[in-house]
1. Using only the Cα atoms, work out Rg/Rh for region 2-421, with Rh taken as the Kirkwood radius, to two decimals.
2. How long is the gain from ALA2 to ASN265 if the chain were fully straight, where each residue apart is worth 0.36 nm and the alpha carbon distance is subtracted?
3. What's the extension gain from SER60 to THR236 if we count 0.36 nm per residue and subtract their Cα-Cα distance?
4. Please sort by residue number the GluC sites (Glu not before Pro) in region 62-123 whose DSSP state is loop and whose Cβ has at most 16 other Cβ atoms within 10 Å.
5. Just how far, in whole angstrom, is region 59-94 from region 309-349 if you go by their alpha carbon centroids?
6. Rounded, prolate or oblate: which one fits region 217-301, using the alpha carbon gyration tensor with axes a ≥ b ≥ c (rounded when a/c is under 1.5, else prolate when a/b beats b/c, else oblate)?
7. Summing +1 for each Lys or Arg and -1 for each Asp or Glu, what net charge is found among the other residues whose Cβ lies under 14 Å from the Cβ of ASP52?
8. Along the Cα→Cβ direction, 7 angstrom out, place labels at ARG248 and SER134. What is the inter-label distance in nm?
Amino acid sequence: MAKAIFETDISLFLPLALQWSKGFDTVCLFQSNGFHNKYSKLASLLAIGIEDEFAAQEGSVFSELEKFISRHQNQLIPGFLSYDVKNEIEVLTTKHPNPLEFPDAYFFVPQILIEISADQVEITAEDPSEIFQSINAIHNEIEDNRYFGKIKPRMNKEDYFSAFDHIQKHIQQGDIYEANLCQEFYDDQAELSSPESLYLELNKLSPTPFSSFMKIKDKYILSASPERFLAKRSDTIISQPIKGTAARGKDEIEDRLLRENLANNPKEIAENVMIVDLVRNDLTKSAIPGSVEVTEKLGIYTFKHVHQMISTVSCKMNPKISSTEVIRNTFPAGSMTGAPKISAMKLCDQYETSRRGVYSGAIGYFSADGDFDFNVVIRTILYNKSKNYLSFHTGSAITIDANAAYEFEECYTKASAILKALEQKL
């Protein structure tokens, strides 16, 4: 394998590179969209083609994944874990059908790596120059994003309110403190001309720090996730749960007011604090004793369509355990379950009307230096081209003080960028 660096106009090169990747069965793109903090590592990375791959259904995902990583040390390994992997971690089941037919876990060793920074491209491949020239040669071949179909909610308002009431009764009875109730929006006769172009449109409408695109033959993931699930940086493990959402305002004054209201909202603060406690507890299973700490509490971050309340929890990693064990000890993200975690997951599966699948799982990579970084799969379109099935979920946290109408509306606020990309209204 050879490496070469090229100077180019990044804003033009990335769409061309994604278009060029259509000739391969497997593709993965990570984009940070200019969001950087002390834990950031990549600006944009496009992984193309397969040297080796790992696919599994829940049952022995983590043990087999550990073997796969061990065979490919010092290589970048991108992929995803579906939410349903929870069923092998705890005594849980998933009763809903799986119309998308994604595997529960998928990782691969790419043939080509294209790392894109502010003003240059680094290509790792057998012939980097040939690839760079081939990408630039397709200038006039980018397809438009055309979606033909109609998005439908799996839950109507009455169904959502009923599920909400049931979960709130469990909270009143002391079974749980909080649950993240999710609902699916879907089209079972969808025709999508270019998932790549739709992803670029979604990323333009909703640029986020953990944006990603993934293609596995006829299956596509188009993610505008703002949330980091878990990262390893040297001997430090970092989780950044999001709990607390507010829409953007119509003008600067309204926007500032909505941001301030989120920062001081007792219900949103209570949600965030509960999940921070859950994450702290999860991290203790992988931490050197006494090293778990909340390094940022209740931070307010602004994205194109929403304000979010984000906290950061970190610890020093116990050197006796592996990276896959760290992920297993914290999976799935507490922000997508509720608390206590196991009880909340059981109730969510009972009252939700669809399988989450990849949604609520994690997309990310194991890097060549032993680090890793995974997002939480939210604000994400899933598409099975062969089955003409397109789906996305949204969710909202239910607490003792939650209001059904407000939480139902929050689900639609979170769906707004996806619906706009699809040029759909509900």
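Rule-based calculations on the coordinates, nothing more; no lab input. The model shown is predicted, which means the values in this text are computed figures rather than measured ones. Here Cβ is always computed from backbone atoms with ideal geometry, including for glycine, and neighbour counts include all displayed protein chains.
1. Value, to two decimals: 0.95.
2. Here the answer is 89.4 nm.
3. That works out to 60.7 nm of additional length.
4. GLU90, GLU101
5. 14 Å
6. oblate
7. Summing Lys and Arg as +1 and Asp and Glu as -1 gives -2.
8. Calculated label separation equals 3.8 nm.
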